[in-house]
Amino acid sequence: NAGVTQTPKFQVLKTGQSMTLQCAQDMNHEYMSWYRQDPGMGLRLIHYSVGAGITDQGEVPNGYNVSRSTTEDFPLRLLSAAPSQTSVYFCASGTYEQYFGPGTRLTVT
Amino acid sequence: DAKTTQPTSMDCAEGRAANLPCNHSTISGNEYVYWYRQIHSQGPQYIIHGLKNNETNEMASLIITEDRKSSTLILPHATLRDTAVYYCIVRADSNTGNQFYFGTGTSLTVIP
């Protein structure tokens, strides 16, 4: 079991560029979610999904899109990157006990 | 989901028990108490959760007061590797989604 994997580990973007953060899990979990963590702060929920084809917004969804076409994958898209989106992004899966990926460290210049 | 209040930071001597408090005075009857921790810049790690009874696993014990308005996470013999930020979260289990709302947690430093 690989658990939850995220790619890339690091990314630098210029303002206005778009990109997709990948997240995959091999535990057959229905529930997956994306969080961002800014320096010195806790995690804030961006989007979540309770199963393939079903997504919903969390606390801070603006500037991000998600889709869930399979149980395994839950990509997060930044439509037009802004410096305020500089953060560490964590993907998680699981219902009661959530398993987190190693994170993607994104810098937007 | 109910909000939680935790101390910003705590120290604990290595080998001693670490007792981390959490207040959740507005908790509802169907909300569970969860504890996670985050070591340095890694992804958070699940520790334990409970509804109203005390719970114990290989990592920690969770003591929930009878009125459920507060709880304590106990690490029985703290080691240097337990230095981390500990998050207390209350969340209702429902079919509409299982959102975990993290606060800023308690930064625990285990001192040699």
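The values are calculated or read from the model by the stated rules, or taken from the named source; none is laboratory data. Bear in mind that the values here come from a model prediction, so they are computed numbers and not experimental data. As a convention, Cβ positions derive from the backbone with ideal geometry for all residues, glycine included, and neighbour counts pool all protein chains shown. The protein model used for the area step is the full one, side chains on, heavy atoms only, and it has no ligands, DNA or RNA in it. Shrake-Rupley method; radii C 1.70, N 1.55, O 1.52, S 1.80 Å.
Numbers below:
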quantity: Conditions (1) over 11 Å from the mean Cα position of the chain (by Cα); (2) surrounded by 13 or more Cβ atoms within 10 Å (Cβ to Cβ): number failed by B:Gly15; calculated: (2)
quantity: From B:Gly43, B:Gly105, residue being within 11 Å of chain A (Cβ to nearest Cβ), under 10 Å from the mean Cα position of the chain (by Cα) and not aromatic (Phe, Trp, Tyr); calculated: B:Gly105
quantity: Residue that is at pLDDT 95 or above, within 10 Å of chain B (Cβ to nearest Cβ) and surrounded by 15 or more Cβ atoms within 10 Å (Cβ to Cβ), where the choices are A:Val50, A:Val88; calculated: A:Val88
quantity: Hey, A:Ala2 away from every other protein chain (no Cβ under 11 Å), modelled with pLDDT of 95 or more and more than 27 Å from B:Thr8 (Cα to Cα) or not; calculated: no
quantity: Enumeration of residues in region A:21-41 that are closer than 18 Å to B:Phe102 by Cα and either open to solvent by less than 10 Å² (accessible area, probe 1.4 Å) or in contact with a His (Cβ under 8 Å, 6 or more places away or on another chain) (or both); calculated: A:Tyr31, A:Met32, A:Ser33, A:Trp34, A:Tyr35
quantity: Segments classed as strands (runs of 3 or more DSSP E), wholly inside region A:10-109, with at least 2 members that are under 30 Å from B:Thr8 (Cα atoms); calculated: A:32-37, A:43-51, A:87-93, A:104-108
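Residue by residue, here is whether (1) over 30 Å from B:Asn57 (Cα atoms); (2) within 12 Å of another protein chain (Cβ to nearest Cβ); (3) touching a residue at least 40 places away in the same chain (Cβ under 8 Å) holds:
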| position | (1), (2), (3) |
| --- | --- |
| A:Gln17 | yes, no, yes |
| A:Gly42 | no, yes, no |
| A:Gln57 | yes, yes, no |
| A:Phe74 | yes, no, yes |
